[in-house]
Structures are given as structure tokens and as C-alpha cells.
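Below is one structure, written out as C-alpha cells, with a few remarks after it.
Please treat every number below as a calculation from the coordinates, not as lab data. Fair warning: this is a prediction, and the values are worked out from it, not measured in the lab. FYI the Cβ positions are ideal-geometry reconstructions off the backbone, even for glycines, and counts take in every protein chain you see.
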Amino acid sequence: MAEAATQKEEQQEKKVTPTQQFWKSFKKQKVSFAAGIFLLLLFVVAIIGPWIAPYGPQEYDYDNLLSGPSWQHLAGTDDFGRDIFSRILHGAWISLSVGLSSVFIGALLGTILGIISGYFGKWVDSAIMRVMDVLLAFPGMLLAIGIIAILGPGLFNVVMAVAIFSVPVFARIIRSSTLAIKSTLYVEATQSIGSSHFRVIMKHIFPGTVSTLIVYFTMRIGSAILIAAGLSFLGLGADPSTPEWGAMLSNGRDYLNNAPHVTFFPGLAIFLTVLAFNLLGDGLRDALDPKIRD
Amino acid sequence: MLKYSVKRILGMIPLLFVISLIAFMFVHLIPGDPARLIAGTDATIEEIENIREKYGLNQPLYQQYFDYMANLFQGDLGQSIVTGRPVLDMLVERFGPTLSLTLASMAWALIFGLLIGVISAVKRNKWPDHLSMFLAVSGVSIPSFWLGLMMIQLFSVQLGWFPTGGIGGFETYILPSFTLGAGVAAIIARFTRSSLMDVLKEDYIRTGRSKGLTEFKVINRHAVRNALIPVVTMSGLQFGFLLSGSIITETIFSWPGLGRLLINSITARDYPVIQSEILLFSLEFLLINLLVDLLYGFLNPKIRYEEGS
């Protein structure tokens, strides 16, 4: 009787899927969980921002130039009398989409190159990895600035610049995951029954790299947002009139003495967003890494 | 060690070649006629032709590259479009301030990073650990341009303790070096914590405790010293990132260094200066990585023998 009960318990334990196991482990990371909820809310705000913002992003109020925070203007106004809180809400979509799209492009290219490199090995591996070494030989910010110097300023070019310097990071990580998965028995078995390379990669190698990919994807978004905002701050990114957080912060530099709120609030928005992505990344890493989780 | 060092140095040669090629190609990658770009927007056709002749832009590309390299080895990096001065002179002038700022940032980042990391590891899972690690994540997440401006507002404008920018005595270094070093201090703290926690699990630490050493002695004499090896090498790598981080910090604090020169040159489309700065920053970054690799090989014989053989 007791044996049957133990067996039943064991069966129930076995039924826990990896997703459930991850979820159980992730929920224990309270700070990261809170960061995840914050980011979810931020995404909602980014989507509905234009409808909930009290003012338009280019709505001028010449009676209230550089006025401090008040009930009328929660985060004050800038040098054109534009409501900073409303502009932050409008800009959420820009900052998030720049961060997400640049990392997505970098991760996509990096993953393809990393899998090809690790799976096929030999000269393909050497060729791809040498190109990645060259890209890594440039400090990230310098590479981004160099690309902007060639392509010219603008948000689209910022996305491209950040994407290009994310490629080698993903390629290296995914290559090492691929190497580990490639040498497992189940992959060797699949290869021995004659599965095509494409099938092995799509059915076995890629799914095995997904957890690593998720962690690095989340962590890179934070740094992508920081670099994109930094480029806008330097005047190399978004147009100064755009409600992009880095550009808004840059506009406020001239009024630091009498209106510090013009720089304070956009900077706070960048800081909290990047902090949330980094905390979420830390939590995901801990929840997805079996060594730490168990 | 010699074999390992030679292998590492030789391994750099192809990278140096590619970097020089990228720096050379920079002007050619920008859409438009390179001679017109170098001559500036107000140049006459005659001036553009002169530039084409002077820089050999009418020659085949491979010939131009050989000439570029030959000039480079003779210290001729061309002339600035804006000031008309030799680019090399401008870079030499700006190198000192950037180096001193980077060193000052690294010094305080090491002191605070190590201190916070050690406290965090020793007080694992207690409030000092949680607080330290929250500070560390914040340090990595805070935009340096925002931190810099907020510090100027508080310490320079409100309290009047430090100047708002420029280079001079000791007091001019405090705000810029704090801004530049904050991220690195955070990374060092996180790394020190994990390295020290690994060391604290070792048998010799248990032996130290069991023979009656005080906790301070165990941590100070045995744990920290061993935990420092990976931290030192990792900090070396961060030095390279500080150099590129100086681009933003120097702009905020009007610091007369290489970073600010780069941004000014991009704004003014001073292509010969941008080209040389890209080359210089990449070389510095590569050189630091090489030094760190050699240092790591020196500190960790396992790496040296595996890679050397």
C-alpha cells in the first residue's frame, strides 16, 4: 500500500514539466518577479501611452515654460512648455522598441551564426569566429559611434549599430551551447538515423539553446537601451524634438541650474527600465540554470 | 610563459591588420566622394582635386592602403579639417587627460568594488549582502550621462563643492571619475562576491577556521588573496571599457580628452581625426586585452600550459 503511494507520488513528481519547474523557481525570485511585472506594465503603458497621456508630445504651453512638477504637470514642463510626463509616456514605446528590435536583430543573426559555427565546425567555425573576434576587438560604444559616423545620425541607424555589436556576443554564447548539445547522445542518434542537418538543428540544437538565449536576450536589452539613449544624448541618435528619453535628457542639459527636473525624470525612466531588465535577467538566469535552481 | 606570450602576441597580428584595414576603409565606407568629405563642404573643385592628389585618392585602393600604412608608421595621421593641425599632435595632447581620468576611475572602482564585494560575500544572504547587490545592479543600470548631470546639479550647482567641468587640480577629478567608474565598481563588486564565495567553500579555509584563526584572518589572509586573482584580470578588461566610456563622461564634464575630441570631430565631420581615433581606441583596447591575457597566464599556470602546448 505504502509502496503504491510512493509510486504515485513519484509519478506526480515526474509530471512536472520544465516550464512548470521554471515557473516555480522563478516565482521564488521576488525582486526579479516584481521587475517582470513592472516591465509588463511598462509594455502596456508603451502601447496605450498616447491615449492615457494627459498632453500630446508636441503640445506647447508657453505660459508654463520650464515649470517644476505640479498637479497640472506631474513631471514639470520643458523649455517649450511641453509636459514631460506625457512625453515620457509617448517615449516609452520608442525606447522599448529600439532596445527590443536592436537586440532581436543581433540575437537572430548571432544565433544563426553561432549554430552554424558550432554545428558544422572546421573552417566554417574558424571563419565565422574570426569575424566575430574582429567585432569584439572594438569597444561596443566605439563600434556604435563608428557605424553612426558612417550611416549618419538617426534612430534606425542606432538600432543597426546596437544590433551589429550584439551579434558577436550572441554568436559566441550560442556556439558554445551548440557544441555542448551536439556532443549529446540523442543528437548523435538522430544524425545516425539519417536526419538532415536542418532537421537536427531545428528540432534538437536550437530548442536546447533557447534558455541561454532568453537570459542573454533580456540582459542585453538593458545595455541596448542604455547605449541607444547614450547615442541620442550625444546627438547621434534620435532627432532632438522626438520624445525619446535620451534626447529629452540631452535637451535639459542647458537648464540644469534652474530646471533640473527636465533631465531628472527622463533619466529616472531610463534607469528604472534598465534596472528592471537587469533584475529580470538575473532572476531568469537563476531560474533556468539547473546548477543554481536545484 | 615565453611560448604562451609569443603565441598571444603573434595571434594579435591578423587582428591588427584587420583593424588598420577598417580604419583605412572608414572614409571610403561613408557614402559620397572621400576627397569631398575630407576637403569639407565649402571646398572648391580645385581644393578637392588637391586633396585627391595629396591623399593619393586617385590611386588604386590597395596602393592607398600601403601609403596609409607607410604614413602611419612615420607618425603621419593626416591633418584635421577643422583646425588644420596634424592629427597626431591633437591625439598626443588629448591622451594624457583621458588616461589620468581612466586611472582615477579605476582606482576608486577597485577600492569600492572590492570592499562591497567582500562585505557581500562574508555577509551572504543577510541585509548587507542584499543592499550591496542591489547597489551593484543599480550601478550597472544607471545611465552615466544622467548620473553625471545629477551630480553636477547636486555637488556643483547646489552645494558648490566641486567645479562643473574642466580639468585642473584633484577636485576636478572627483565627479568625472565617480561617474565613469560607477559601472565598473558595480561589476567588480559582483565578481568579487562570486569569486570569494567560491573560495570560502575550499578545504583550506575550513582548515584555517579549525585551527582557531580569527574570521578576520581567515578572510583577509587566505580567502581574499586567492579570490583576487580572477578579479584582477577581470578589472583589467574593464579598463578597456572605461576608455570607451570616457566618450560620454568627457562630453558631460567638458574634459579635454580623446572621447570629447571624437564627439566634436563627428559633429564637425572631421574625418581624418575620427579615422585616427577609431584606430587609437581599438589599439588601446586590443593592447589592454593582450596585457590582461598575459597577466592571467602569469597568475594561472593552468591556462599558460594548456594554451602554450
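Only helical runs count toward this figure. For the protein assembly as shown, summing -39,500 (n - 2.57) over DSSP H runs of n ≥ 4 and dividing by all residues gives -25000 deg cm²/dmol at 222 nm. Separation of the range B:185-202 and the range A:146-212 by C-alpha centroid, Å? Cα centroid to Cα centroid, the span is 30 Å. Across chain A, the mean sequence separation of Cα contacts (distance under 8 Å, 6 or more residues apart), normalised by length, yields a relative contact order of 23 percent. Ordering B:Asp203, A:Asp282, A:Asp133, A:Asp239 by the number of other Cβ atoms within 10 Å of each residue's own Cβ, fewest first, gives B:Asp203, A:Asp239, A:Asp133, A:Asp282.
Taking amide H atoms as placed 1.01 Å from N in the peptide plane, the amide H of B:Gln79 lies under 5 Å from those of B:Val87, each 5 or more residues away in sequence or on another chain. Relative to the dominant Cα principal axis of chain B, helix B:45-54 is inclined by about 60°.
Estimated from the Cβ-Cβ distance and a Förster radius of 56 angstrom, the FRET efficiency linking B:Asn50 and A:Ser126 is about 0.80. With an 8 Å Cα cut-off and a minimum separation of 6 or more residues, compute the relative contact order for the range B:2-73 in percent. Answer for the range B:2-73 is 24 percent. Take the Kirkwood radius over Cα pairs of the range A:168-294, plug it into Stokes-Einstein at 20 °C and 1.002 mPa s, and you get 121 µm²/s for translational diffusion.
Each of B:Lys3, A:Lys182 was scored by other Cβ atoms within 10 Å of its Cβ. Arranged with the fewest first, they read B:Lys3, A:Lys182.
Between the helical axis of A:155-182 and the longest alpha-carbon principal axis of chain A there is an angle of about 20 degrees.
The range B:12-71 and the range A:233-294 have their alpha-carbon centroids 38 Å apart. Take the Cβ atoms of A:Tyr255 and B:Arg85, set R0 to 25 Å, and the FRET efficiency comes out at 0.15.
Averaging sequence separations of C-alpha pairs under 8 Å and six or more residues apart, then dividing by the length of the range A:1-148, give the relative contact order as a whole percent. The normalised contact order for the range A:1-148 reaches 14 percent. Of the peptides B:23-36, B:257-270, A:220-233, B:209-222, the order by per-residue mean of other Cβ atoms within 10 Å, starting with the highest, comes out as A:220-233, B:257-270, B:23-36, B:209-222. For chain A, a Kirkwood radius taken over Cα pairs fed into Stokes-Einstein (10 °C, viscosity 1.306 mPa s) yields D = 73 µm²/s.
When the pairs A:Lys182/A:Lys203; A:Lys24/B:Lys126; B:Lys123/B:Lys217 are compared against a 19 Å limit on Cα-Cα distance, A:Lys24/B:Lys126 fall above it. Across peptide B:11-20, the mean count of Cβ atoms from other chains lying within 10 Å of each residue's own Cβ comes to 2.
Between the C-alpha center of the range B:95-127 and that of the range A:54-69 there is a gap of 41 Å.
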